[in-house]
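To start, the structure under review is shown below, and the notes come after it.
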Amino acid sequence: NARRVRLEWALERLKKYDTAGKVMFGCVPEVTQTEADAVLENEQRYFDFVAKLEGFERRLGEMRGDEARTMAAITQLEPWATFDLKKEELQSGNTVRVYTGVVQTRALDELRVQLSVLPAALEAVGTSRENTCVCVVAHISAAKETETGLTKAGFAPETFATLLPDETPAMAIDRLSIELSQIDENRASIENETKEIARNLPQMKILHDEM
């Protein structure tokens with residue numbers, strides 16, 4: 001039945017913590033009827049442990065997803081680590097347009113030449129594979145020519161979606177790194193709690209064989 005299947009899953013989950021030897025269903029040491037009755041009287045307690053392990057498994061899955069997204073965000077921001085403007089400072093206004101993103105590195109020199117005759121400034125920040133991270137600020141009167149030059153250089157915008165308004169990329173990397181550390185701490189906490197539950201393995205194996 002479903003409860004037996006859940007218990008078997010939990011026993012498999014705890015297998016690596018078993019200090020009594022190989023875990024095989026139906027191969028536990030012989031127990032007295034008194035011992036078996038004591039386990040059966042506390043059946044719900046052991047299924048509470050099963051439920052807790054199931055909760056841990058869900059949390060670990062969520063943590064793996066969070067960890068992957070956080071690591072991807074850090075990787076995306078690393079080429080921008082020396083960029084010292086905050087996200088809220090990158091907004092276009094009535095008189096200027098701000099463009100942040102990447103251009104093809106091989107097209108960077110030509111883009112510099114094109115922008116040099118316009119009321120525009122380009123800052124090259126870092127590199128990402130075959131691309132260079134840039135921030136271009138242009139007067140609104142030169143917006144069309146600037147955008148034409150950027151498009152020719154293979155411009156792909158960077159929205160800094162993971163940045164908070166008052167963060168620079170370096171600040172965001174620090175925050176995200178702390179979040180990764182917290183994930184590691186939470187994973188270690190689950191590991192420790194699982195080890196504690198594993199101390200009930202002998203009784204949980206008896207319960208399995210008595211079901």
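Computed over Cα pairs, the Kirkwood radius of the chain leads via Stokes-Einstein (0.890 mPa s, 25 °C) to a diffusion coefficient of 112 µm² per second.
Spatial offset of the range 96-149 relative to the range 34-55 amounts to 66 Å, using the alpha carbon center of each. Between Glu185, Glu54, Glu41, the Gaussian network model of the chain with springs among Cα atoms under 10 angstrom shows the greatest mean-square fluctuation at Glu41.
Per atom type, the chain shows carbon and sulfur on 51% of its accessible surface, probed at 1.4 Å.
When the Gaussian network model of the chain links Cα atoms closer than 10 Å, the mean-square fluctuations of Arg97, Arg106, Arg187 top out at Arg106. Take every pair of alpha-carbon atoms less than 8 Å apart whose residues are at least six positions apart; their mean separation over the length of the chain yields a relative contact order of 32 percent. Note that the chain presents 59 Å² accessible area per residue, ligands and nucleic acids not counted, probe 1.4 Å.
Computed over the chain with a Gaussian network model linking Cα atoms closer than 10 Å, the most mobile of Lys16, Lys52, Lys86 is Lys16.
Enter the angle in degrees (range 0 to 90, nearest 10) between the Cα long axis of helix 201-210 and the first principal axis of the Cα atoms of the chain, meaning the one along which they spread out most. In the chain, helix 201-210 runs at an angle near 60 degrees to the longest axis.
The values are calculated or read from the model by the stated rules, or taken from the named source; none is laboratory data. All figures in this text were calculated on a predicted structure; none of them were measured in a lab. Surface areas here come from the heavy atoms of the whole protein model, side chains and all, with no ligands, DNA or RNA. Shrake-Rupley method; radii C 1.70, N 1.55, O 1.52, S 1.80 Å.
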